[in-house]
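A.B. asks: Starting off with a structure, shown below.
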Amino acid sequence: MKISVIVPVYNTRDCLKRCVDSILNQTYQNLEVLLVDDGSTDGSGQLCDAFVKQDNRVRVYHKENGGASSARNLGMQNAIGDYISFIDSDDYIDSDVYQMMIELIQEKDLPIVQISRDERDEAGGRLEDVCIPPKEVRLCDTETFIKELLLHQADCSFCTKLVKREPLLKHRFPEGELNEDFKLLVELFVQEQEIKEVGILPKQGYHVICRSDSTTRKRSEDSFSRVFMDIVNNADHMQQVVDQNYPKLRAYALRFNLYQRLDYMLHIPISQMNRQNAFYQEVKKYLRRHVLHTIFNPYLTIKNKEYLLLLTVAPKTVRKVHKRKMERRDLDE
């Protein structure tokens, strides 16, 4: 089986070679690499062209900047592999990742296989795991996977997955949004009858590099990543999906809605917590309408509930106290 590896590239010249080399050096050789230069201005596009001369499995597409989803969609339009993989250009993978994934696909006849991942800082140091890998190979049905997504236990990233081409090509990554992987993955689970389970490998073979200048990490007192608004919108979308398709998961979906709004409230700059901010006002109203759900939802931790209730009663005051607490912690470190 042929694998199409799609790599959106935007101003990552300093780490692009590490990413591409980790793909080309796979023990599983039957693959193509589609580098999609998304309007880079740092010479990344020229470096992409150089890889074509290095290995005939590499193809390059240059386009105007439109975001990672736009670049991924262009790659999908041109992919010819039986299965499709995505890798962010600042990340890299171990040399045996695709061999392990293909073997599991062949053994279990799976439409999606996932490799586990770890997170590293820019110096290569290990960070705390966002998703805990299983201790052995695990087959997870899609409803259970969605439940674990709602509990923030599952990995929604397409970068860790190898997906069968035919069902995937019926869909597109939503453009102009962040947290786009979550929405598309759930869409596949709901709409594609062929996708009934996901195979999960325990090996942490995909390495996420947490860069301080990434789109989802940029933050200042006057502006913050739109991802914190998108995760609230995704939570509302998930409530509708669950109500229509997975009614047994309603309590999990409500927990997810409350948790995503907690994340938003803890990250929005205090200067934007005002009456003119319609999105902020809607989040406050939601929290006030769901006070009893906050108190009695069994899937929220005590700390989650405390913060949610405090932010419901006095959001700006709580944020100011929280900010001073974080500043003192940073000084102590």
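A.B. asks: Pull up all non-local amide H partners of V5: gap of 5 or more, or a different chain, and H-to-H distance under 5 Å with H placed in the peptide plane.
C.D. replies: HN-HN under 5 Å from V5: E32, V33, L34, S85.
A.B. asks: Right, here's the next one. How would you rank 22-29, 44-51, 119-126, 240-247, highest first, on the average number of other Cβ atoms within 10 Å across their residues?
C.D. replies: By packing density, highest mean first, the sequence is 44-51, 22-29, 240-247, 119-126.
A.B. asks: Starting from the Cα-Cα distance between H267 and C210, subtract it from 0.36 nm times their residue separation and give me the gain in nm to one decimal.
C.D. replies: Difference between extended and current length: 18.7 nm.
A.B. asks: To continue, here is another question. Would you look at the GNM of the chain, springs on alpha carbons closer than 10 Å, and say which of P269, P298, P202 moves the most?
C.D. replies: Comparing P269, P298, P202 in the GNM, the peak value goes to P298.
A.B. asks: What FRET efficiency comes out for R289 versus E122 if R0 is 45 angstrom and r is the Cβ-Cβ distance? Round to the nearest 0.05.
C.D. replies: Efficiency, rounded to the nearest 0.05: 0.60.
A.B. asks: Still on this structure, I have one more. Go through 251-260, 1-10, 71-80 and give me the packing order, highest mean Cβ count within 10 Å leading.
C.D. replies: 1-10, 251-260, 71-80
A.B. asks: What's the percent breakdown of Cα-Cα distances in segment 163-297 across 10 Å bins, shortest bin first?
C.D. replies: Once binned at 10 Å, the Cα pair distances of segment 163-297 give 10, 31, 35, 20, 4.
A.B. asks: With only alpha-carbon atoms counted, please give the Rg and Dmax of segment 242-323, in Å.
C.D. replies: 13.2, 41
A.B. asks: Moving to a separate point now. Given the peptides 271-279, 31-39, arrange them by the average over their residues of other C-beta atoms within 10 Å, most packed first.
C.D. replies: Packing order, densest peptide first, comes out as 31-39, 271-279.
A.B. asks: Can I ask one more? Compute the distance in nm between two label points, each set 7 Å from the Cα along the Cα-to-Cβ direction, one at H322 and one at T41.
C.D. replies: It works out to 3.4 nm between the two label points.
A.B. asks: Extending each Cα 7 Å along its Cβ direction at H171 and Y28, get the distance between those two points in nm, one decimal.
C.D. replies: 2.0 nm
A.B. asks: Taking 2.2 N^0.38 Å as the expected size of a compact globular protein, what ratio does the Cα radius of gyration of the chain give against it, to two decimals?
C.D. replies: For the chain, the normalised Cα radius of gyration comes out at 1.04.
A.B. asks: For segment 15-64, report the convex hull volume of the alpha-carbon atoms normalised per residue, in Å³, without decimals.
C.D. replies: Value for segment 15-64: 63 Å³ per residue.
A.B. asks: For the chain, what proportion of DSSP beta bridges, expressed in % and rounded to the nearest 5, is antiparallel?
C.D. replies: Of the beta bridges lying entirely in the chain, close to 35 percent run antiparallel.
A.B. asks: Another question, if that's okay. Shape of segment 38-117 from its Cα gyration tensor (a ≥ b ≥ c, root eigenvalues): rounded if a/c is under 1.5, otherwise prolate when a/b > b/c, or oblate?
C.D. replies: Judged from the Cα gyration tensor, segment 38-117 comes out prolate (a/c at least 1.5, a/b above b/c).
A.B. asks: Got the relative contact order for the chain handy, in percent, Cα pairs under 8 Å and 6 or more residues apart?
C.D. replies: The normalised contact order for the chain reaches 16 percent.
A.B. asks: If one computes the Cα centroid of segment 1-48 and of segment 249-319, what distance in Å separates the two points?
C.D. replies: 40 Å
A.B. asks: Counting only heavy atoms of protein chains, what accessible area per residue, in Å², does the chain have with a probe of 1.4 Å?
C.D. replies: Normalised by residue count, the accessible surface of the chain is 48 Å².
A.B. asks: Still on this model: Quick one: what are the phi-derived ³J(HN,Hα) couplings along segment 199-209, Karplus 6.51/-1.76/1.60 with θ = phi - 60°, whole Hz, x for glycine and proline?
C.D. replies: Ordered by residue, 3J(HN,Hα) equals x, 10, 8, x, 5, 8, x, 9, 10, 7, 9 Hz.
A.B. asks: Just the number, please: carbon plus sulfur as a percent of the accessible area of segment 72-169, 1.4 Å probe, no ligands or DNA/RNA counted.
C.D. replies: In segment 72-169, the share of accessible area belonging to carbon and sulfur is 42 percent.
A.B. asks: Quick one: length gained pulling L139 to A314 fully straight, 0.36 nm per residue minus the C-alpha distance?
C.D. replies: 58.6 nm
A.B. asks: Oh, and also: Grab the beta carbon distance between Q153 and K2, set R0 = 35 Å, and tell me the FRET efficiency rounded to 0.05.
C.D. replies: 0.60
The values are calculated or read from the model by the stated rules, or taken from the named source; none is laboratory data. A quick note: this is a predicted structure, and the numbers were derived from the prediction, not measured. When we count neighbours, we look across all protein chains shown, and the Cβ atoms used for this are built from the backbone with ideal geometry, even at glycine. Note: areas computed on protein heavy atoms with side chains; ligands, DNA, RNA excluded. Shrake-Rupley method; radii C 1.70, N 1.55, O 1.52, S 1.80 Å.
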